Amino acid sequence: MKLRRTPAAAAAAAVVLALTATACGGGSDSGSNGDKINVGIKFDQPGLGLKTPDGKYAGFDVDVARYVAKELGYAEDKINFKQAPSAERENLIKNGDVKFVVASYSINDKRKKEVDFAGPYFLAHQDLLVRADDSSITKVEDLNSKKLCSVTGSTSAQNVKDKLAPKADLQQLGGYSECLTGLENKAVDALTTDDSILAGYASQKEHASKFKLAGLRMSDEKYGIGVKKGDDDLRGKINKALEKMVSDGTWEKLVKQHFGPSGYKYEPAPKVEN
């Protein structure tokens, strides 16, 4: 006997298929994968976001991301960290590859045209990292005759080139580690980015006594958490998580844990801008 599918049965099957698809993945623009969440971080920034040789992730931004994800309902084993290079952060968010980005992500007007920000959760300042034995760079104007390195997509590089030392020989590479190698090998004279990032590199054991921060506060960099444009619900939830992180003492604990060993003098927690 040939069985016929009734309209009701067909409808029920369609619902089951839809639910199965939802369980298998959150969609191309969701930043989630079933019961897991994709979060963008840096993989090459000691003290902030670093993927260690054993495949683990460490740093202040990483722990901020973990705290926020937990407040959103995701346990640590449900977080899928994805690399978020400076030049790709907006694309990762807009394409739905990640739910949010915590990657030394300075809030500025240009970026706010493409993505929204929760926070800020940290205030850094642009500075220079130079060789420990180099006394030729004591002010930003000294860079006009020097080779300066930063990463593609960084606000720091253009800030120096456009406003502070227009005659500097600016070289933009794919990552700060490449700039650091160039600085050590004397291929470049200085590395510029946020002092929090530079402090992380300078405090690594393999770089002990090789480099120093120039101590120039060339800009204020408010770190925010990038989310998809118009996702006010997620932005609001992240802001509440950040406020809780400060009030319960976790923020101070994490800052001391990740920046304390380098002697970096960090700013107090900035006020979240709701």
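The values are calculated or read from the model by the stated rules, or taken from the named source; none is laboratory data. Fair warning: this is a prediction, and the values are worked out from it, not measured in the lab. Note that each Cβ is placed from the backbone with ideal geometry, even for glycine, and that neighbours are counted across all protein chains shown. The accessibility values were calculated without ligands, DNA or RNA, using every heavy atom of the protein model including side chains. Shrake-Rupley method; radii C 1.70, N 1.55, O 1.52, S 1.80 Å.
From the list ALA124, ALA132, ALA187, which one is of a type outside the set (Val, Ile, Thr) and under 29 Å from PRO270 (Cα atoms)?
It is ALA124.
Can you find a residue in the range 119-138 that is open to solvent by 30 Å² or more (accessible area, probe 1.4 Å), out of contact with any helix residue (DSSP H, G or I) (no Cβ under 8 Å at 6 or more places or on another chain) and assigned to a helix (DSSP H, G or I)?
no
Identify, please: which residue in the range 68-113 is closer than 19 Å to VAL151 by Cα and assigned to a strand (DSSP E or B) and is, among those, modelled with the lowest pLDDT?
SER106
Could you please give the count of residues in the range 113-143 that are over 27 Å from the mean Cα position of the chain (by Cα), under 20 Å from GLU184 (Cα atoms) and not hydrophobic (A, V, I, L, M, F, W, C)?
Here the count works out to 6.
Of everything in the range 201-228, what is surrounded by fewer than 15 Cβ atoms within 10 Å (Cβ to Cβ) and assigned to a loop (DSSP other than H, G, I, E, B)? Give them in sequence order.
Matches in the range 201-228: ALA208, SER209, GLY215, ARG217.
Among ASP116, ASP162, which is at pLDDT 95 or above, over 23 Å from GLY59 (Cβ atoms), open to solvent by 10 Å² or more (accessible area, probe 1.4 Å) and not in a loop (DSSP other than H, G, I, E, B)?
ASP116 is the lone residue from the list that is at pLDDT 95 or above, over 23 Å from GLY59 (Cβ atoms), open to solvent by 10 Å² or more (accessible area, probe 1.4 Å) and not in a loop (DSSP other than H, G, I, E, B).
Which of the residues spanning the range 139-154 are open to solvent by 40 Å² or more (accessible area, probe 1.4 Å) and either of a type in the set (D, E, K, R) or touching a strand residue (DSSP E or B) at 6+ places or on another chain (Cβ under 7 Å) (or both)?
LYS139, GLU141, LYS146, LYS147, THR152
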